[in-house]
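The values are calculated or read from the model by the stated rules, or taken from the named source; none is laboratory data. Here the structure is a predicted model, which is why all the values come from computation and not from measurement. Methodologically, a virtual Cβ is constructed for each residue, glycine included, from the backbone with ideal geometry; neighbour enumeration extends over all protein chains shown.
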Amino acid sequence: MISTPIKWVVPLVGWYKLNTDGSSLGNPGLAGGGGVIRNHIGDWVGGFSLAIGITTSVQAELRALKDGLNLAIDLGISNLEIEMDSLVAVELVNSITTPNAFLSTIVTDCRFLMERFERRSLKHIFREANGYADLLAKTGCAQSLDFIYFPNAPADGSQGGSGGEHVEPGESVGNLSRAVFHVDDDEVVAGESNGLGEGRGEAEEEETVWFEAFGVGGGGGSECVCRHFHPCDPSLLLLV
């Protein structure tokens, strides 16, 4: 019997591939999500890690998929191949049936977003071929920012905020526009970025949290303090 190694495979020419994953420390438990988009030669196009909060593993998988689809739309991608290592999540989205009330909203959102692409496919893969998304999802469980966008792959395969790895600042990507920060304990360091960055991220479904990052200092980098505004009362600040 010949064993075939399980590995990530590039998409077809003219296509992009989105890999997403969710991670939950318990079911339910503290959860995070992550994803990466790459092109037909395997180049990194964009990635993200997402802090979700307390939820189930399936909800975490679907939240990661939803944010990954939004990112692909904002990047102007038309042909998208999507891979996840959660067979349950894949079957929920690909099915024509209505899921239970707990999952119906997020599943409907994912189906709607997939319709935005000219051509798309969603399939299940083994975890061994989803390593980068898995690592980003685990990063999301531990990060203090709601959403971090990675325009470039970290050089050593680790994610921003671990091991002192430097992450380049992100550029505007539509409604997912963020500054990209290296999170170090309670301090947020923006690599080679000054001034004010603003963005918006979903704290929970149908709930929006605005955050501002104020740069201080200068030179090769600037320290920032992130503030999260309560979705119902913007006067209430939630310091990261």
Which numbered condition Leu18 fails, given (1) touching a helix residue (DSSP H, G or I) at 6+ places or on another chain (Cβ under 8 Å); (2) closer than 15 Å to Ser121 by Cα; (3) outside any strand (DSSP E or B): (3)
Residue count, segment 21-53 (criterion: in contact with a strand residue (DSSP E or B) (Cβ under 7 Å, 6 or more places away or on another chain), in a loop (DSSP other than H, G, I, E, B) and within 30 Å of Phe102 (Cβ to Cβ)): 1
Test: residue in segment 25-38 that is of a type outside the set (Gly, Ala, Ser) and under 13 Å from the mean Cα position of the chain (by Cα): yes
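A quick yes/no check of all residues on (1) surrounded by 18 or more Cβ atoms within 10 Å (Cβ to Cβ); (2) more than 14 Å from Ala60 (Cβ to Cβ):
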residue: Met84; (1), (2): yes, no
residue: Ala89; (1), (2): yes, no
residue: Ile96; (1), (2): no, yes
residue: Phe102; (1), (2): no, no
residue: Ser121; (1), (2): no, yes
residue: Phe126; (1), (2): no, yes
residue: Asp134; (1), (2): yes, no
residue: Gly140; (1), (2): yes, no
Residue that is of a type outside the set (Asp, Glu), more than 14 Å from the chain's Cα centre (by Cα) and in the same structural domain as Cys141 (by TED's automatic domain parsing), where the choices are Ser121, Ser49: Ser121
Matching entry among Asn70, Asn27 (being surrounded by fewer than 22 Cβ atoms within 10 Å (Cβ to Cβ) and within 15 Å of Phe147 (Cα to Cα)): Asn70
